[in-house]
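Since the structure comes first, as structure tokens, the remarks are kept for the end.
Since every read-out is calculated from the coordinates, none of them should be taken as a lab result. Source: prediction; values computed, not measured. Cβ atoms come from the backbone with ideal geometry, glycine included; neighbour counts cover every protein chain shown.
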Amino acid sequence: MKGYGREKPGWSDFTFTAGEKMIRLDDLALFVRSAALGSFSKAAREVNLLPGQASAAIGRLERELDIRLFARSTRSLRLTEEGKRYLPYAQDALQALRDGFDGLRGDANCLTGTLQIAAPSDFGRNLLLPWISEFRRDHPALDIQLLVSDQVADVFRDPVDIALRYGQIDDASYVALPVAPLNRRVLVASPDYIGRYGRPATLEELAGHNCLQYRLRGRAYDRWSFATAEGARVVQVTGRLVSDDAEVVRRWAVAGEGIAYKSWLDVSADVAEGRLELLLPDVPGEPTPLHLVCPHRRQFSPAVKLLHALVERRCRPLVDALPVTD
């Protein structure tokens, strides 16, 4: 943004007219980010502005539009009804300009620009990372920013274009493309752990084992769900090791510290190479489909479409090897 801490000019340095209105694209972009983040200060920090400068930019936009976009107080910032109606038009206008700018710089066979991706820690480090390297070699003019974390990225608020997510996507406000729809959780333990503590023969016997637990948003997942012949079965487990990083849980399992209940995609290589063994393979774990999530269909740029196709293609043979079926 011009004057907003950037060294190089870009498409957002300019203004456009709407009737007799002169709207600065910088101001429009700040409006969209302020609405997403719920804060002028947070939006200002993203572009190296002072909060007062961001507030002044929104005020300038409001004067040009002759409407009140935000209801402000000392403790909160929320969109007015006029702001809510205007927001999708502002988002579409900015995206259309980005699409046009990208279109001038090259076609789908010469991808340019920046693609920001969020992915779960285990999947991101052990599977996606080499696939991203492959993707970059095929598209060297494309910049990629990869956020690897088990904190669920909000594609509306966080500075990411797309997110890879496990689980059912029930929120209709997201656009979700299936990547591995048949993926499931599986019980695994290392040969060393099995040799020392035995292999559970039933779900009930899990109560006598150290079960490695995963924590998300402050809650440990100690109730594991399975699909039995009698229907869904939830098993309460206990264990002395808990982590908020799924990769740590996998490493503990490989190190022989206990039994883990993991996405098959995350442990398929460990099982294939003998570092982990499947437990109770005849009892299917809960479905854990993998999706590529995006806030708007306009975000499905050529780069996103090609990356989705690559990840789906790489995941398919892994899921096909899943020995647990309905």
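Amide H to amide H under 5 Å from G258: which residues, 5+ apart in sequence or cross-chain, H placed 1.01 Å off N in plane?
Hits under the 5 Å cutoff: S190.
Convert each backbone phi in segment 93-98 into a coupling constant with the Karplus relation 6.51 cos²θ - 1.76 cosθ + 1.60 (shift: θ = phi - 60°), then list the ³J(HN,Hα) values in order as whole Hz, x for Gly and Pro.
These are the phi-based 3J(HN,Hα) values: 5, 5, 5, 4, 5, 4 Hz.
Below 9 angstrom from the Cβ of S121, what's the summed charge of the other residues (Lys, Arg +1; Asp, Glu -1)?
Computed value for this residue: -3.
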